[in-house]
Amino acid sequence: GAVVSQHPSWVICKSGTSVKIECRSLDFQATTMFWYRQFPKQSLMLMATSNEGSKATYEQGVEKDKFLINHASLTLSTLTVTSAHPEDSSFYICSARAGGYTDTQYFGPGTRLTVL
Amino acid sequence: DAKTTQPTSMDCAEGRAANLPCNHSTISGNEYVYWYRQIHSQGPQYIIHGLKNNETNEMASLIITEDRKSSTLILPHATLRDTAVYYCIVRAYLNTDKLIFGTGTRLQVFP
């Protein structure tokens, strides 16, 4: 199956700093990538949809100036959490849409962000 | 996209078949049924999807009722590694890209 990677797998940072998370589709091109956030014991919540070469579309309640998304190529999307605070601590997961017949989304392994 | 209803949790003995139900009574004609699972602290894993015919792959079988208002995911021989949260999601093919996750079913496979 299609493989999606994320880097880093976990990160600890101080409050007020910015953190960048990378999402790569390794064996397919993804015109669309998605970013989700998951708090403990909760389901995944979609944050934004990222289309290659265009601005991301954010879900209601997600601050676009705080969660910067860049999708510069067909295999790479990045999420930058700016001026992170402890309440931003969460599990961030990306997915990439494979398109074609299956039109299936494949997920990365997730990035655990802890803000001190 | 249509909403789905799944039991909160289920248990299954190792080696037995695990049958996970999903209700999607408001599903539209162009909406597919997708199943994903999430093992603790990992990203979701795609399992299977279907429109109206039953589907089978190396991981599972998907049985969709004739009226398409419900479906069942079958893991034929559950193992301890199948312990996870299983999500049933309906989505229109190429109509919307969003996967909206509900609360899923927490499957516990015991020895």
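The values are calculated or read from the model by the stated rules, or taken from the named source; none is laboratory data. Values in this document were obtained by computation on a predicted structure and should not be read as measured data. Using ideal geometry, Cβ is built from the backbone for each residue, glycine included, and neighbour counts are taken over all protein chains shown.
A few remarks follow.
- Test: residue in the stretch A:17-32 that is without any contact (Cβ under 8 Å) to a residue 12 or more places away in the chain, on the phi < 0 side of the Ramachandran plot and part of a loop (DSSP other than H, G, I, E, B): no
- When the residues of the stretch A:5-32 are filtered to those that are within 10 Å of chain B (Cβ to nearest Cβ) and at pLDDT below 95, the one that is farthest from A:PRO86 (Cα to Cα) is A:THR31.
- Residue in the stretch B:82-96 that is modelled with pLDDT of 95 or more and away from every other protein chain (no Cβ under 14 Å) present: yes
- Remark: pairs (first residue in the stretch B:32-45, touching a residue at least 40 places away in the same chain (Cβ under 8 Å) and under 17 Å from B:LYS98 (Cα atoms); second residue surrounded by fewer than 19 Cβ atoms within 10 Å (Cβ to Cβ) and polar (S, T, N, Q); Cβ separation under 6 Å; 6+ apart in sequence or on different chains) = B:ARG37/B:GLN45.
- Test: residue in the stretch A:21-29 that is closer than 28 Å to B:GLY104 by Cα, polar (S, T, N, Q) and within 10 Å of the chain's Cα centre (by Cα): no
- A:THR78 vs. criteria surrounded by 16 or more Cβ atoms within 10 Å (Cβ to Cβ), under 13 Å from the mean Cα position of the chain (by Cα) and away from chain B (no Cβ under 14 Å): yes
- Residue within the stretch B:19-30 that is modelled with pLDDT under 95 and within 14 Å of another protein chain (Cβ to nearest Cβ) present: yes
- Test set (1) at pLDDT 90 or above; (2) away from chain B (no Cβ under 14 Å); (3) assigned to a strand (DSSP E or B) - A:THR114 fails condition number: (2)
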